[in-house]
1. For a quick check of your reading of the model, give me the residue pairs whose first member lies in region 38-54 and is assigned to a helix (DSSP H, G or I), whose second is of a type in the set (Ser, Thr, Tyr), with beta-carbon atoms closer than 7 Å and at least 6 apart or on different chains.
2. Could you look through region 37-72, keep only residues that are open to solvent by less than 60 Å² (accessible area, probe 1.4 Å) and modelled with pLDDT of 85 or more, and pick out the one that is farthest from the chain's Cα centre (by Cα)?
3. Which ones in region 6-18 are under 17 Å from Leu108 (Cβ atoms) and assigned to a helix (DSSP H, G or I)?
4. Could you tell me which of the residues Leu34, Leu21 is closer than 30 Å to Gly105 by Cα and either under 22 Å from the mean Cα position of the chain (by Cα) or surrounded by 14 or more Cβ atoms within 10 Å (Cβ to Cβ) (or both)?
5. Among residues belonging to region 73-95 that are within 13 Å of Ser25 (Cα to Cα) and among the β-branched types (Val, Ile, Thr), point out the one that is farthest from the chain's Cα centre (by Cα).
6. I'm checking my understanding of the structure. Among residues of region 7-18 that are among the aromatic types (Phe, Trp, Tyr) and closer than 14 Å to Gln92 by Cα, which one is least open to solvent (accessible area, probe 1.4 Å)?
Amino acid sequence: MIIFTTRLCAIFFMRSYVQRLLVFSLVASLVALLVFHIFTFINVLPGMIWATHLRACVTPDYRTWAIGATSLTPIFMESLIFFATLFHAFEQQRNNLRVMETSTGGVLQRLYMDGIQYYM
């Protein structure tokens, strides 16, 4: 997540407001993830039990929304990375077709493909 956000900041080098939005979103996502993990460790883990037939820990308490929230937080940030990559790719394609024929265009194409494959 951090690496792809850094790569997007490099792609959006001429737009400081997009860079600030990406960095703010990354920090907010990581802080929220940390808070949800701490909440989960404090409230959910003590209630977990070992299920021998599953050979795994399970929680009988169905109100463990924090476990789901720890999964949704990275999905939000990864979706933001994906849509920012798509936005830049379509905008670049629409505005300047000749850039794709240069070495910079090759690097941009690789960044686009990596960003999209990362999300998939």
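1. Short answer, once both residue conditions are applied: Thr40/Thr70; Gly47/Thr59.
2. Ala51
3. Thr6, Arg7, Leu8, Cys9, Ala10, Ile11, Val18
4. Just one listed residue meets the conditions, Leu21.
5. Residue satisfying both the conditions and the ranking: Thr73.
6. Phe12
The values are calculated or read from the model by the stated rules, or taken from the named source; none is laboratory data. These figures come from a predicted structure and were not determined experimentally. Note that we place each Cβ from the backbone using ideal geometry, even for glycine, and neighbour counts take in every protein chain shown. Only protein heavy atoms, including side chains, enter the accessible area calculation; ligands, DNA and RNA are left aside. Shrake-Rupley method; radii C 1.70, N 1.55, O 1.52, S 1.80 Å.
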